[in-house]
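This report refers to the structure that appears directly beneath it.
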Amino acid sequence: MTRALILGGTADANLLAERIARAGLDAVYSYGGRTRTPADQPLPTRTGGFGGAGGLADYLRREGITHVIDATHPFAAEMSRHAVAACTETGTPLIALERAPWVKAPGDNWIEVADIMSAVAALPDKPTRVFLAIGRQHIAPFSTSPQHTYTLRFVDPPEEALPLPGANVIVSRGPFTFDGELELMRSRAIEWIVARNSGGTGARAKIDAARALGLPVILLSRPQLPDRPRVESVAEVMDWLGHRTCLGA
Ligand code: NAP
């Protein structure tokens, strides 16, 4: 009997949950607990960390999980590393559902960097207006460059004071449209964008809008992860689970 665990928190994970529920498979959807108002799922959900790789291994055994699908965000590297370790330890089949990174197109003005500190260093010294399209937990290093005017966008309103005191905060949940991103960048006179190479279509609009406006993008490359089987579509995960669909994804 199949009993799958989806490590979720992404649009792809949500789509997969829908397909798995429709196929009548037994599965659990796991949220990391970062968002206060997560999307409803058509599957039983659980929320919060497992307590490291060991905690996840215990969970897999206790819950009789037969398949793990790591559909977390490509930058949720700790969770992905723990999934590899726990599945290796327990002998549980693992697959990653992960969109390919974006590839530079003509007109893109990207500065690709490996980490946040390099992103901070890549900004100009003179004061500029920056759209910081990265997770809340990664903004603190930009406080070392307080001369810039930062625009931040979060899913939930911040509960605590931000490490960037003068920042403009937008509370909004994606996916975002090209026109919407164009409007945001124009109305706030954005000059630089800092983003992560998330891949997929949901977060792509800001990259396309930056190209249309000729704005430079400091783009964080994906973290290095251990080797693991990886697919890019929900349909491929359904195949892997032995439930071929003709719906595509
Ligand atoms: P992370 O740094 O890789 O994870 C930190 C810890 O949070 C993990 O070690 C794990 O705790 C727990 N965790 C993360 N994802 C979990 C999940 N799906 N289920 C249960 N526990 C989870 O991850 P993150 O970057 O903070 O992302 C957290 C969640 O937000 C993920 O589900 C991810 O898909 C979603 N998300 C992240 C981003 C992003 O930009 N990083 C963007 C969109 C959505 P334990 O070690 O205690 O098990």
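Dipole size of the chain about its Cα centre, with +1 on Lys/Arg Cβ and -1 on Asp/Glu Cβ: approximately 160 debye, rounded to the nearest 20.
In plain terms, the residue of Phe176, Phe131 with the fewest other Cβ atoms within 10 Å comes first and the most crowded comes last, giving Phe176, Phe131. Are there DSSP H segments in the chain that both extend 18 Å or more along their axis (alpha-carbon positions) and score a mean Kyte-Doolittle hydropathy of at least -0.5? List them, or say none. Qualifying helices: 77-90.
Exposure proxy shown here: for Ile69, Ile134, the number of other Cβ atoms within 10 Å sets the order, fewest to most, as Ile134, Ile69. Diffusion coefficient (Stokes-Einstein, Kirkwood radius over C-alpha pairs, 25 °C, 0.890 mPa s) for the chain: 127 µm²/s, rounded to a whole number.
The local environment of Pro175, defined by Cβ-Cβ distances under 14 Å, has a net charge of +1 under the rule Lys, Arg +1 and Asp, Glu -1.
Read the figures in this text as sums done on the coordinates, not as results from a lab. The shown structure was predicted, so the numbers you read here are calculated from the model rather than taken from an experiment. A quick note on method: Cβ atoms are made from the backbone with ideal geometry, for glycine too, and the neighbour counts reach across all protein chains shown.
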